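Peer 1: Got a structure for you, written out below as structure tokens; questions coming shortly.
No lab work stands behind these numbers, since they all come straight from the coordinates. This one's a predicted model, so the numbers in the text were calculated from it and none came from an experiment. Neighbour counts are summed over all protein chains in view; Cβ atoms, including those assigned to glycine, are modelled from backbone coordinates with ideal geometry.
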Amino acid sequence: MSQERWFHRRGTLAREGWESVVDTATPGWEHTGLKVAELADGAELSLGETGVERVVVPLAGSFAVTATVDGTTTTTRLAGRPSVFAGPTDVLYLPTGATGVVTGQGRVAVATSPTGDVRPVRHVAAEETPVELRGAGACSRQVHNFGTPQALDAARLIVCEVITPAGNWSSYPEHKHDEHVPGHETRLEEIYYFEAAPEAGSGAAGGDPDGAFGLFSTYSSPAGEIDINAIVRTGDVALVPYGYHGPAVAAPGYDLYYLNVMAGPDPERAWLISDDPAHTWVRTTWETQQVDARLPYGKERQQ
């Protein structure tokens, strides 16, 4: 029953024109939200409720966001990218109280968190995004930190995205952030939104994009009982209210992407984690390994 509650296949959370919607109306969910949609050329969708801060993230395609903030209406054009595997994208941060619509063609995600604290609007260019190559060997992955505390002045939201090359592991060692331990761990709800595609360089003949997949796991911690062991494909969503989460594994032949949306009740906005003690030793093996030579993925990747 735990997996059915916390893991959702593409389209099963559809609402109000959006393919997937996670918000405070989702049972057991409080601090984070996510909307994902596929827009045809010229289509328009409302950003919705006003009591949340947002980060608008082009997944594939280009978009315009027309937003009203403190009575002033402006339109921001997001150049976007061909696919989530084509390197960083520009994103738009909108503070709580903003209203607006998004138009364009392609796939777009909107990360949200309820808050009454107001921060300034910010358009983060793709070239401003800190790109981190994390781990080594078969644990190598690429992280785009456009919405982390070091890169973005937000009230509560922490948002980033991760590319895991075919055959590699990420969200590993398994870790948690469900206890408030000052300086060591913060309480953060987390949403994983997944996409998968044939491995870079394999071309369309390398496999059916609709069949591309990875694996994702979450298991219990003292904070709560949870059990997710799922094959993940493009559009699937996992909710992690507590527990050790990971690994996320890209199947051989298929690259794996996920967007992470985090926020929580603690006073500090920080991503502080605790590894599963049984597996934290794996980090020491990275010291003698090289980062996967396939990374970083960049704009030359066309999907």
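Peer 1: Please specify each residue of segment 80-97 satisfying the condition of being in a strand (DSSP E or B), under 20 Å from Y258 (Cα atoms) and either of a type outside the set (V, I, T) or over 17 Å from the mean Cα position of the chain (by Cα) (or both).
Peer 2: Scanning segment 80-97 gives G80, R81, L92, Y93.
Peer 1: Would you say R77 is under 16 Å from the mean Cα position of the chain (by Cα), assigned to a strand (DSSP E or B) and more than 30 Å from G201 (Cβ to Cβ)?
Peer 2: Considered against the rule, which asks whether it is under 16 Å from the mean Cα position of the chain (by Cα), assigned to a strand (DSSP E or B) and more than 30 Å from G201 (Cβ to Cβ), R77 comes out as no.
Peer 1: From R54, R10, grab the single residue that is over 19 Å from P95 (Cα atoms) and charged (D, E, K, R).
Peer 2: None of the others qualify; the one that does is R10.
Peer 1: Report, by residue number, each residue of segment 149-192 that is buried (at least 22 other Cβ atoms within 10 Å of the Cβ), among the polar types (S, T, N, Q) and assigned to a loop (DSSP other than H, G, I, E, B).
Peer 2: If the condition is that a residue be buried (at least 22 other Cβ atoms within 10 Å of the Cβ), among the polar types (S, T, N, Q) and assigned to a loop (DSSP other than H, G, I, E, B), then N168, S171, T186 are the ones that fit.
Peer 1: Among the numbered conditions (1) buried (at least 17 other Cβ atoms within 10 Å of the Cβ); (2) touching a strand residue (DSSP E or B) at 6+ places or on another chain (Cβ under 6 Å), tell me where P130 comes up short.
Peer 2: Failing condition for P130: (1).
Peer 1: From the list V261, V291, V249, V232, which residue is of a type in the set (A, V, I, L, M), within 24 Å of T129 (Cα to Cα) and out of contact with any helix residue (DSSP H, G or I) (no Cβ under 9 Å at 6 or more places or on another chain)? Please lay out each step first, then the result.
Peer 2: Working: V291 fails: out of contact with any helix residue (DSSP H, G or I) (no Cβ under 9 Å at 6 or more places or on another chain); V249 fails: within 24 Å of T129 (Cα to Cα); V232 fails: within 24 Å of T129 (Cα to Cα).
Of the residues listed, the single one that is of a type in the set (A, V, I, L, M), within 24 Å of T129 (Cα to Cα) and out of contact with any helix residue (DSSP H, G or I) (no Cβ under 9 Å at 6 or more places or on another chain) is V261.
Peer 1: Is there a residue being in contact (Cβ under 8 Å) with a residue 60 or more places away in the chain, over 30 Å from E53 (Cβ atoms) and of a type in the set (D, E, K, R) anywhere in segment 223-234?
Peer 2: At the first step, the residues of segment 223-234 found to be in contact (Cβ under 8 Å) with a residue 60 or more places away in the chain are 225-230, 233-234.
From the residues that got through so far, the ones that are over 30 Å from E53 (Cβ atoms) too are 225, 227, 229.
Filter again for of a type in the set (D, E, K, R), leaving 225, 227.
Yes: segment 223-234 contains one or more residues that are in contact (Cβ under 8 Å) with a residue 60 or more places away in the chain, over 30 Å from E53 (Cβ atoms) and of a type in the set (D, E, K, R).
Peer 1: Now for a separate question. I need the full set of residues from segment 72-90 which are crowded, with 21+ Cβ neighbours inside 10 Å and either in contact with a helix residue (DSSP H, G or I) (Cβ under 6 Å, 6 or more places away or on another chain) or without any contact (Cβ under 8 Å) to a residue 60 or more places away in the chain (or both), in order please.
Peer 2: Matches in segment 72-90: L78, G80, P88, T89, D90.
Peer 1: With the checklist (1) touching a helix residue (DSSP H, G or I) at 6+ places or on another chain (Cβ under 8 Å); (2) of a type outside the set (A, V, I, L, M); (3) farther than 29 Å from Y254 by Cβ in hand, flag the one item Y93 doesn't pass.
Peer 2: Of (1) touching a helix residue (DSSP H, G or I) at 6+ places or on another chain (Cβ under 8 Å); (2) of a type outside the set (A, V, I, L, M); (3) farther than 29 Å from Y254 by Cβ, only one is false for Y93: (1).
Peer 1: Residues in segment 244-269 that are surrounded by fewer than 22 Cβ atoms within 10 Å (Cβ to Cβ), of a type outside the set (D, E) and over 16 Å from the mean Cα position of the chain (by Cα): how many?
Peer 2: Final tally of qualifying residues: 6.
Peer 1: Those residues that are crowded, with 21+ Cβ neighbours inside 10 Å and assigned to a strand (DSSP E or B), I need them from segment 207-229; list them, please.
Peer 2: G214, F216, T218, I226, I228
Peer 1: Kindly evaluate V21 against the criterion of being over 16 Å from A109 (Cβ atoms) and of a type in the set (A, V, I, L, M).
Peer 2: So V21 fails the test.
Peer 1: While we're here: Assuming G17 fulfils every condition listed in (1) of a type in the set (G, A, S); (2) in contact with a strand residue (DSSP E or B) (Cβ under 6 Å, 6 or more places away or on another chain); (3) crowded, with 17+ Cβ neighbours inside 10 Å apart from one, which condition is it?
Peer 2: The failed condition is (3).
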